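The values are calculated or read from the model by the stated rules, or taken from the named source; none is laboratory data. These figures come from a predicted structure and were not determined experimentally. Every residue, glycine among them, receives a Cβ derived from its backbone with ideal geometry; neighbour counts consider all protein chains shown. For the accessible areas, the whole protein counts, side chains as well, though only heavy atoms, and no ligand, DNA or RNA atoms are used. Shrake-Rupley method; radii C 1.70, N 1.55, O 1.52, S 1.80 Å.
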Amino acid sequence: MRGNGADAILRSLEAEGVDIAFGLPGGAILPLYDAFARGTTVRHVLARHEQGAGHMAEGYARASGRAGVAIATSGPGATNLVTPIADAWMDSTPLVCITGQVRRHLIGSDAFQECDITGITIPIVKHSWLVQDVEELPHVIKAAFHVARTGRCGPVLVDVPRDIQEAELDFSYPETVSLPGWKPPRRGHERQILAAANAIAAAERPILYVGGGVLNADATEELRALAETARLPVVTTLMAKSGFPETHELHVGWPGMHGPKWSNWALNKADLLVAVGSRFDDRVTGKVSAFAPGATVVHLDIDAAEISKIRHADVPVVGPLKPILARLTQLVRESMQPGRTEPWLRQIAEWKDQFPLRYNPEGDMLKPQLVLETLQELTAGRDDVVWTTGVGQHQMWAMQYLLCDRPRSFITSGGLGTMGYGIPAAIGAKAARPDATVVCVDGDGCFQMTQQELATSVLEDLPIVVVIVNNGYLGMVRQWQDMFFEERFSQINLTHTVPDYAALARAYGAAGFTVESADDLEGALAEAIACGRTAVVDARVDPREHCFPMIPAGAAALDLVEFQDTVAEVTT
Amino acid sequence: MRHTLSILVENKPAVLMRVTSLFARRGFNIESLAVGPTAQHDVSCITIRVDCESSPLEQIEKQMHKLVNVLRVAELVPGESIERELVLMKVAAPPNKRAELMALGEVFNARVVDLGPDSIVFELTGPPEDCDSFEELVRPHGLQELVRTGRIGLGRAQRPNHNRPRQRVLA
């Protein structure tokens, strides 16, 4: 098939089964957009900002399990993708970015909208290519998808000079990739899996500490089988939320900085920690030496570099989680003593009763926790709801109060902590799961970082519900200034009222609701969820509320700060 | 503790930057670095000398192995590998000092590659430790300029103990 490089890119995307791409055109990527106009089965969603396009592709990837595709022009278009690329890098999200580059003879001349995007992104991509020969293009796209999706998932970047997009070639899509240096592990070592099974059988207080790897590995069923077979309690990190059913009796919460006391105690008192696709992030461990101090560590991961990076692994198992967990379950079934973990499970259940999540529901203002509790009540039992969040207090309350049973139903920015992730990620998730109700729980600070994508949501018929937990502040910063900087509040006051979020929503052609009291809350949320079009609920909440419990950064899990009934008055 | 890493990479654009960027991110100072072709025309060898403890080194080796263009990472273990370096040095050598300097050079098998009215340029190829010694020896005479290639190395052809691997292949 004769065509130009731009055609070759689209034919390659089609061959990869890509049904949708998110992007924004510009000078150096014009030939590719011309090819879009000439026809393709790939739907293009026009974002309002390349960062939005990148997060949409991430949201799509996380909701579907497939690689997300983001397209941008050279220079500023490409640099606007840097945040989503870094986000995908930290959270192991498969993302393929295609950027235009200036013509080859201009590279290195400081040409208009030129920037060395492959150089800029070296520390945050699995691999990148600056295409120098049009004949290579199909091979590069094939390799890009292969690298993004195999081993530990992550972002890749393909930078295509404009003259390469215009150059002619005879297109054929390669069936295989030739990457002699790319050898992700293909199976776990049987002897190591056996050692893991023995450790589980010998433990009295074992716990599964599950990370986002379990979702990337599509191993949620295998995880559940292991937990049920061995009767192991499960904590899921923020990235693993929805990787194990959260209404399941074996789910014992979420570890780390804002995890409940019972979850952190269970981790702390465990004698065996089975880490499954998790990476001992500092927001989970706090002070590493005080994290599960008495536990033997079994670490299952696709990435050998995560083994013993933070915490020494007594039994490392490197390889794909799905077959490893399946084999481990088989071995455990043979060797496990029935009922062995029941006293331990009862102990954790006691802690759960003893230390529930608490907040003071009294007061003159709407409580943020009530917004999340109401959302949970309104959606309980539904398996067609996908949540996304921004980053901050609202995100942590979402973690604590929303119970997700279905895999890939909670999408958030974990490692990089990217404010503004929620709205575009929700649009991408909606594109991946058109039948789902996608709800973005956002903060007022986050909302204002990517609100322009409401236009994309409305015009591309990708309706989402945005619930702003609007406390008028950069809430988490406020909490830290209150707790750790002697209440010296500095540069955090966004106000509840500027902008008027409901009016702004209406300006974008979306539905807008303002909620100021508990009485109006449920009705507005229910109406927004049911309305079938893009809706924004501005829930104006009490800014004095802190997210508890909290393990201060670098502190030991047992030094967790609990909810206090008295909270400092607002001063600005 | 100093370690010498021998990294086989595909001869592709930006591969050196991808490798060195990993060291930079971890705050490791690269003491010397040499890059050149190997027996295979499409494979290059990067030899890196770095000063760090073993556990962060293992971590960076595993990270390196995840780079798509990296084919093999091995540590050159002292005693089981040959390491060499080339040094060029210009030493102040007024006529009355020449003979003494040239005699020093002979001890180390350093060649005189250029001779001027008041200086000598020596070329020395050898184990990096010999290069260090010669450098220290001529320094008091007035070392004017010095360049070193950085070390390169290979596993020994003949191993002292056949049960042990020639190099520790790390990833």
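What the table shows:
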| item | result |
| --- | --- |
| For the range A:438-554, share of DSSP beta bridges that run antiparallel, in % to the nearest 5 | 5 percent |
| The range A:94-202: Rg to Rh, with Rh as the Kirkwood radius over Cα pairs | 1.17 |
| Modelled label reach - A:Met483, point 7 Å along Cα→Cβ, the range A:395-416 residues with backbone N closer than 17 Å | A:395-401 |
| A:Leu194 accessible area, assembled protein chains, probe 1.4 Å, Å² | 80 Å² |
| Accessible surface of A:Arg231 - all protein chains present, 1.4 Å probe, nearest 10 Å² | 60 Å² |
| Segment A:Glu342-A:Asp19, extension gain: residue separation times 0.36 nm, minus the distance between their alpha carbons | 111.5 nm |
| Largest-first principal axis extents, alpha carbons of the range B:17-171, Å | 57, 38, 33 |
| Total charge dipole magnitude, chain A, about the Cα centre, Cβ charges on Lys, Arg, Asp, Glu only, Debye to nearest 20 | 1520 debye |
| Diffusion coefficient, µm² s⁻¹, Stokes-Einstein with Kirkwood Rh over alpha-carbon pairs of the range B:1-109 at 25 °C and 0.890 mPa s | 152 µm²/s |
| Kirkwood Rh and Cα Rg combined as Rg/Rh, the range A:237-330 | 0.94 |
| Quarter of the Cα convex hull surface for the range A:362-439, i.e. its orientation-mean projected area (nm²) | 5.7 nm² |
| Shape of the range A:32-128, Cα gyration tensor, a/c cut at 1.5 | oblate |
| Chain A - mean residue ellipticity at 222 nm from DSSP helices (-39,500 (n - 2.57) per run, n ≥ 4, rounded to 500) | -11000 deg cm²/dmol |
| Accessible surface buried once A binds B (1.4 Å probe; total of both sides; Å²) | 1500 Å² |
| FRET efficiency, B:Val112 to B:Ser32 (Cβ-Cβ, R0 30 Å, nearest 0.05) | 0.75 |
| Rg ratio (alpha-carbon, reference 2.2 N^0.38 Å) - the protein assembly as shown | 1.09 |
| Cut-off under 5 Å, modelled amide H: who pairs with B:Ser119 long-range | B:Ala93 |
| Fraction in percent of alpha-carbon pairs per bin - 10 Å, the range A:458-572 | 13, 34, 28, 19, 6 |
| Surface share of carbon and sulfur [accessible, 1.4 angstrom probe, percent] for the protein assembly as shown | 50 percent |
| 12 Å beta-carbon shell around A:Ala217, net charge (K/R +1, D/E -1) | -2 |
| Shielding by other protein chains, A:179-190, mean Cβ within 10 Å | 3 |
| Three-way shape call for the range A:2-170 based on the alpha-carbon gyration tensor, with the a/c threshold at 1.5 | rounded |
| Flagged links, alpha-carbon separation over 30 Å, of A:Lys287/B:Lys12; A:Lys287/A:Lys352; B:Lys12/B:Lys90; A:Lys241/B:Lys66 | A:Lys287/B:Lys12; B:Lys12/B:Lys90 |
| Net charge of Cβ neighbours under 12 Å - reference A:Asp442; Lys, Arg +1; Asp, Glu -1 | -3 |
| Hull volume in cubic angstrom per residue (convex hull over the Cα atoms of the range A:368-547) | 104 Å³ |
| Cβ-based charge dipole, chain A, positive-most Cα from A:Ala201, A:Pro25, A:Gly259 | A:Ala201 |
| Where labels lie 7 Å past Cα in the beta-carbon direction, separation of A:Cys531 and A:Asp133 in nm | 5.6 nm |
| Dipole-positive endmost among A:Leu232, A:Gln491, A:Gly472 within the protein assembly as shown (Cβ charges, Cα centre) | A:Leu232 |
| Inter-label distance for A:Thr41 and A:Glu166, nm, one decimal - labels placed 7 Å from Cα along Cα-to-Cβ | 3.1 nm |
| Theoretical gain in end-to-end length, A:Thr247 to A:Asp520 [0.36 nm per residue, Cα-Cα removed] | 95.5 nm |
| Over chain B: helical MRE at 222 nm, DSSP H runs n ≥ 4 each giving -39500 (n - 2.57), nearest 500 | -8000 deg cm²/dmol |
| Taking the convex hull of Cα positions in the range B:82-152, its mean projected area over all directions (nm²) | 4.2 nm² |
| Anisotropy class of the range A:405-505 from Cα gyration tensor, a/c 1.5 cut | oblate |
